Structures are given as structure tokens and as C-alpha cells.
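Here's the structure we're looking at; comments come further down.
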Amino acid sequence: MAVHSGGPGPGLSDAIYEMGAAPNHFGYNVIAFDQRGMGRSSPTFFVKECTSSLYAEEAGFTGNEEVDMGVLDVEDEESIRAYARLTKGRNLGCWNYPSFKVPVDEEDDTSKTYHFLEYSGTRQLAEDIERVRILFGDQKLSVYGVSYGTAVFGTYTTIFPDNVRLMVLDGSVIPNYDILQNSEDAARSTNQRIDYFIASCEMGNEKCAVKDMRACINKINNVLRDNQDMIQDKYEDEFGNVLPIYKLMQRIIQGMFGHYELAPAICSAAKENDVEQLEELLDKLLLVPNDFKSAFIQDMPEVDSESKPTSGDKSEPDSNPDWPFPGYLELSSSAPCIVNGQDFAFGAYDEDMFVR
């Protein structure tokens, strides 16, 4: 069984602990990957030339050491344009990094130079997985991917359908490599999901008990925007970034979809403009402990061998500056941008296209 826990970037070979190790392997030999440019693979994406902060001042950002998606305001066109300039500068700087140019001696005694970034996308990862499958005895793989891992194994299964026994894709990423079409598909599917939630309430779902859920959602959105200085700083994403209102609304709708019993009280508090009561209810809906991972892996043994998976535990990076090898820099925003840049063939390179 081949596993990939997502990313790109966070999803390293330590996925073997989270997605397939005992007691949950059900008799499988489990393999996971440090895909090209990440973990202990070489060359590595994690160099300063591939980080956004190096190009922030030229793009118009100042005073922000960690320049990443957190500085992008999707409701402000100038912010989007500044981020487009930042991304373009980073892509050019990363592309020109000398170590990504790899000379190879040909059989006729000539030499050809290849550019590593042209060979580090999802397609290349799928081909690497096929090479590993053959090394394991040319047997069929069962594959298990989460988030970006669904794109990995969706790609692998598309290219090598006869080599797959079973497939699980959990939390699917849209399998579309046209970046504009991808964005439009994501927006449309989000709206469809919201409409489905609204319909589930208005068609007599007794658990929901809200007659006009669309009006409720709009009212919640307006109250949050009017009081965002009071509310917004409380709610963060999994990376510790404060959620902008549009992302907070997504979390609220997802939360109510799973906890219909809280919907009437939340809608009532929003309708009455009772910010304090709304905040208490949102705490119940959103500030829940995430014990899933710890509960899932608590009994899983660590592997102790020369091929020990690269650990993704960076909870104390200052105490382990050599993770996962000497000189490695933890620059988390680089990997997804680089892999997506390869996958989308720089489809967002034009500033107007990026804004659109």
C-alpha cells in the first residue's frame, strides 16, 4: 500500500506513521515518500531563493518577515495584484537558483543541462511511485491519498490503471490543471454545497429548524463584518493564521451542516444582533479540540532503521536545526507553490490572469 498524507510539503514519508502503521495496516507493507524537492530528497525546494519574503519589498510589501498567503486580501484587487507581483518575483528568483540546473553527461560525451523545477510536479511523483512499485516486485499497489495526496494517486491511477488494486481518495483535490478553470470549479462547487445545506434546512429537515437559512447566513456574515475587530482574532486556521471573514463564514456553514442543533440559536443571535451570544455559540461550533490525530497514532511504533521515514514533527524547530538534514530550512510556503507551478505550467504568471 502506498500512502500520501497531502501537502505538498507537509506530506512526507512520515505519512507511514499516520496512515498505515500498526495496528491499522491490515497486513499491508506500507510505503510513503519524500517527494522530489522535499524531506531528504535532493535538490531541495527549501532554499531562501524560493521564499516570498526575499521579494516582498520589491512587490510593495514592507514590515512583514513571513510573507505568504496570509497577506493576500481576496476582496481587495490591489492586494491581489501585489501578491501576483510577489509570486512572480519569487518564481523568477527560484527558477534562477544555480543548484536547480543539473548537468548530465550523455553517452556521446556531450553534456546536457536539465532544470530540476521542470521535473518536480505531480506527474513526476506518479512516475517515481511506479518505479518504486516495480522495485517491490512488480505487484499491484493499493493506494491511499488525503488532500493533495488524492491528486497524486488520482494521477497515478490515471497513468497506470492496470497496476492499482484498491484506491481510497479522502478529501479530494480538484483534478484540473488549468488554474483558471480550477478556481472557477472550486467557487462553483462551494456555492453548490452551500445551496445544498440551505435546501436541506428548507425541505423539512427537523434537525435544522430554520425556515430561511439563506437569510440567516447573510445576517451572520453582516454581523461578523460589522464586528470583525471584536470577533475575528479568536478564530485561526490550522497554521495559526487569523481567519478572514470569508473563510470564517465557510467554517461556520460547514460547522452548522454537521451540528444542526446549534443552527436555530446561532441564527437567532445574528438576527437580534446579539454579538456576545453569537460569539459564545460560535465558540461551541468552532473551538473544539482536535484529538483525532493523537488518538489515531497513539499506539503506532516508530521505525528504527536506516530507511526511517523523515519526521514531519517541527513542533520545536529551534531545537532541531538540522531537520531532516544539515542546512535544511523549514520554508513551508515554498513546496506547494513550486509543485503547483509545475502542475499548472505557470498558468498564473500573467498578473491580469491571476487577478481574474
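Table for the structure above
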quantity	calculated
Cα→Cβ-extended label distance, 7 Å offset, between Lys284 and Leu54, nm	5.1
Cα pair distances of the range 184-286 binned at 5 Å [whole percent]	2, 13, 24, 26, 19, 12, 4, 1
The range 150-230: Rg to Rh, with Rh as the Kirkwood radius over Cα pairs	1.17
Charge tally in the Cβ shell below 14 Å around Arg123, where Lys, Arg are +1 and Asp, Glu are -1, Arg123 excluded	-3
Residue exposure sequence - Phe153, Phe100, Phe354 - by fewest surrounding Cβ within 10 Å	Phe354, Phe100, Phe153
Fully extended contour minus Cα-Cα distance, from Met230 to Asp178, at 0.36 nm per residue	14.8 nm
In the range 184-286, lysine pairs closer than 18 Å at Cα, eight or more apart or cross-chain	8
Spacing of the two label points (7 Å from each Cα toward its C-beta) at His259 and Asp350, in nm	4.5
Potential extension, Gln277-Thr158 segment - 0.36 nm per residue separation minus Cα distance	37.8 nm
Taking Arg36, Arg356, Arg81 and counting other C-beta atoms within 10 Å, the order from fewest to most	Arg356, Arg81, Arg36
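None of the figures in this text is laboratory data; all of them are computed from the coordinates on show. Since we're looking at a predicted model, the values are computed, not measured. Every residue, glycine as well, gets a Cβ built from its backbone with ideal geometry; the counts of neighbours run over all protein chains shown.
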